[in-house]
1. Under 9 Å from the Cβ of A:Ser106, count the other residues' Cβ atoms, weight Lys and Arg +1, Asp and Glu -1, and hand me the total.
2. Report the label-to-label distance for B:Ser251 and B:Glu235 in nanometres (one decimal), using points 7 Å from each Cα along the Cα→Cβ vector.
3. How far apart, in nm, are two points set 7 Å out from the Cα along the Cα-to-Cβ line at B:Ser61 and at B:Asp20?
4. Grab the beta carbon distance between A:Thr182 and A:Arg331, set R0 = 25 Å, and tell me the FRET efficiency rounded to 0.05.
5. Calculate, for A:Arg27 and A:Val223, the FRET efficiency according to 1/(1 + (r/R0)^6) with r their C-beta to C-beta distance and R0 22 Å; round to the nearest 0.05.
6. Gain in length, B:Glu42 to B:Val210, computed as 0.36 nm per residue apart minus the alpha-carbon separation, to one decimal in nm?
7. Pop a pseudo-label 7 angstrom from the Cα along the beta-carbon direction at both A:Arg35 and A:Thr297 and give the gap in nm to one decimal.
8. May I ask you to sort A:Ser320, B:Ser80 by Cβ crowding, counting other Cβ atoms within 10 Å and putting the fewest first?
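Nothing in this text is a laboratory measurement; each read-out follows from the coordinates by a stated rule. Just so we're clear, the structure is a prediction, and the values are computed from it rather than from any experiment. We place every Cβ from the backbone using ideal geometry, glycine too, and count neighbours over all the protein chains shown.
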2 protein chains.
Amino acid sequence: MAQRHHDLTDPTAGPVSTGDALAGYLRGQATEFLRALRQHRETGGAVSNGSSGASAGGPASAEVRVDAVRALRRSARRISGSLHTFRPLLEPEWSEGIRPELAWLSGTLALEHAYGARLERLLLALNRLSGAAPVPGQPAGPVGSAGPHADDRTAAHPATPDRGNLTVGAAKAGALLDRQLTLARTRAHSTALQALGSSRFHAVADKVAVLASEVPLTPTAPVTELRPLAKAAEERLADAVTVLPLVTAGSPYNAEALIHGLSPDPAPHPQDAPWHQVRLLLRLHRYACEVVHGRSTPLDVRLLAAGEALDRHRDASEASSAAAQAARTPRIAPATAYALGVLHADQRHEVEAARYAFQRSWQKQTIGAP
Amino acid sequence: MAQRHHDLTDPTAGPVSTGDALAGYLRGQATEFLRALRQHRETGGAVSNGSSGASAGGPASAEVRVDAVRALRRSARRISGSLHTFRPLLEPEWSEGIRPELAWLSGTLALEHAYGARLERLLLALNRLSGAAPVPGQPAGPVGSAGPHADDRTAAHPATPDRGNLTVGAAKAGALLDRQLTLARTRAHSTALQALGSSRFHAVADKVAVLASEVPLTPTAPVTELRPLAKAAEERLADAVTVLPLVTAGSPYNAEALIHGLSPDPAPHPQDAPWHQVRLLLRLHRYACEVVHGRSTPLDVRLLAAGEALDRHRDASEASSAAAQAARTPRIAPATAYALGVLHADQRHEVEAARYAFQRSWQKQTIGAP
């Protein structure tokens with residue numbers, strides 16, 4: 001099976017790339033990192049802002065700050081990933097020193113956004129699940145804003161969370177999730193600000209500044225061919241995919257994702273781990289393609305679709321855990337717990353749907369390639 | 001679209017059938033009805049047994065009684081359905097008199113079995129949803145009988161409900177459903193016994209006894225062609241199918257079935273009604289084929305698959321309602337309500353899966369037919 005995946009976006013195709021191309025890529029990413037950092041500092045987003053969730057310079061400035069943090073994470077992930085894939089070409093001591101620091105940074109910066117996105121996903125789902133049209137003969141309660149027709153699907157799928165459309169249990173569940181995830185998000189925000197003001201971060205930023213001008217390659221690296229290393233990254237991806245239960249995933253409504261739905265374990269579902277692993281390896285493969293082919297080469301759309309499916313898988317998996325976690329809050333009403341149970345199962349359903357979508361795009365890649 | 005469905009199992013094919021064939025079919029069904037009734041009486045299942053759920057003659061006798069009740073329902077449905085489809089060939093007064101009585105009878109007799117099957121379906125689902133393998137580092141609690149491997153799917157799919165495998169919430173939810181559905185089943189059993197001992201039932205049985213020897217056809221019926229009437233039944237089915245959202249149903253993981261998952265309405269989901277209607281019309285079409293082609297002609301397997309998908313749709317729909325209903329029990333623990341929420345969503349997922357299965361077999365019928 002690993003053999004069949006070699007005709008994915010093929011990093012061995014095209015003109016020869018050597019360590020020089022890697023150095024150029026790393027310099028470019030380091031420059032983007034420094035630009036994003038400057039942008040972030042200009043918004044006053046540094047440690048001075050304390051633990052408050054609001055930015056100093058108003059909404060426009062907050063948006064710039066969010067973009068700057070995203071750009072920081074983006075470059076940090078790409079630098080770290082490339083150092084990993086092309087390890088033999090880089091001075092080991094330097095390379096092994098900076099990688100965990102970049103991972104710490106992008107992990108710390110990712111949390112605030114993740115909690116916000118998780119809350120939005122869960123509130124949208126609660127709204128969708130409550131999108132009940134009034135039944136003929138029943139008076140339209142506070143919930144019945146979806147119109148008189150059960151087939152009025154658009155009304156049942158509002159684009160933004162709308163609390164007015166929720167039942168009591170769903171509204172209480174939404175309020176509980178809002179409290180818990182907003183608190184987590186505020187904490188993550190303050191942790192991120194503290195991290196960006198820490199001496200640990202300044203040490204990372206200094207190392208990245210060095211990288212922007214001078215990439216610490218090994219003596220033979222500038223003329224070393226990159227493709228075998230890119231190929232190895234692709235093979236690690238293909239091997240990890242062979243571990244996935246793709247036959248099951250490709251069979252719609254296999255009901256596997258909810259198997260642990262009533263498990264007593266509050267931790268994320270163990271069955272999700274190999275999918276998360278493939279998500280990370282797919283990202284490394286993508287970055288390796290960027291290094292070898294240059295950023296301007298458009299990425300295979302099927303590879304993008306597979307990656308999006310795995311992002312959705314991760315988001316739904318974490319959202320389902322958040323719903324299960326909220327249901328463990330002491331002294332909640334049974335109606336709240338019931339809504340959280342429905343919500344948890346709905347997100348596990350999404351997990352299963354994402355696996356199906358991944359299987360479909362992966363199959364297309366291996367079958368449809370010329 | 002209705003045009004395309006005419007090449008289903010075609011009631012206009014084969015040798016000519018007239019009212020004589022209908023008379024033969026009805027006599028046969030009436031004879032089976034009377035045989036089942038005799039069998040039921042021999043088990044002592046009549047009203048003398050009072051309201052107890054147990055049969056007088058022990059387990060073997062109980063099994064015979066269950067079979068007899070099933071055979072009674074089976075014949076009652078076929079007689080009633082044929083009287084409906086071939087209405088113009090039968091003496092209207094007689095025919096209109098017996099049909100509602102047969103519907104009352106098969107409806108009353110169906111409930112006991114339905115409650116039992118619903119409980120079994122829900123307990124199996126709870127067990128499947130709790131089939132958690134112990135996570136490494138966590139002691140195996142009372143739940144961890146599924147073995148150390150998360151991939152050990154067989155262990156997570158036991159063939160029969162196993163209470164030892166459930167979490168606290170799932171176990172409490174199971175006990176609650178058991179209490180509620182067993183009570184409903186016991187009541188349905190006693191209602192069925194009372195019905196079978198009632199003068200209303202004796203009047204039906206007398207009419208069926210007449211039917212076994214002499215079918216009240218209209219004067220011209222014996223030489224009237226049956227096929228146009230069978231064809232009309234098939235067209236009613238095809239028309240009802242065109243109302244179904246088959247494009248959505250054929251797209252896996254469309255998440256439509258759970259749209260009303262948190263609806264405040266305890267009644268069954270209104271979106272299920274057109275599917276239930278198709279289920280009834282498919283049954284009428286099947287009986288019409290039996291009349292025209294004889295019982296010995298094997299039924300189109302794709303039509304059987306479509307019918308099974310709709311049975312599963314009905315069962316999952318009713319099971320999901322039972323879980324939602326149980327969650328409204330006053331003073332239940334949040335963990336119980338949570339488990340019932342997960343269970344409700346799981347059964348709505350089953351509803352969606354059944355629609356997908358129906359869409360697939362229906363498409364095969366209309367595309368694959370010669």
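1. Once positives and negatives cancel, what remains is +3.
2. Here the modelled spin labels are 3.2 nm apart.
3. Distance between label points: 4.6 nm.
4. Working: r = 20 Å, r/R0 = 0.79.
With a Förster radius of 25 Å, E is 0.80.
5. So, using R0 = 22 Å, E works out to roughly 0.80.
6. Here the answer is 58.3 nm.
7. Result for the modelled spin labels: 2.2 nm.
8. Going from least to most buried by this count: B:Ser80, A:Ser320.
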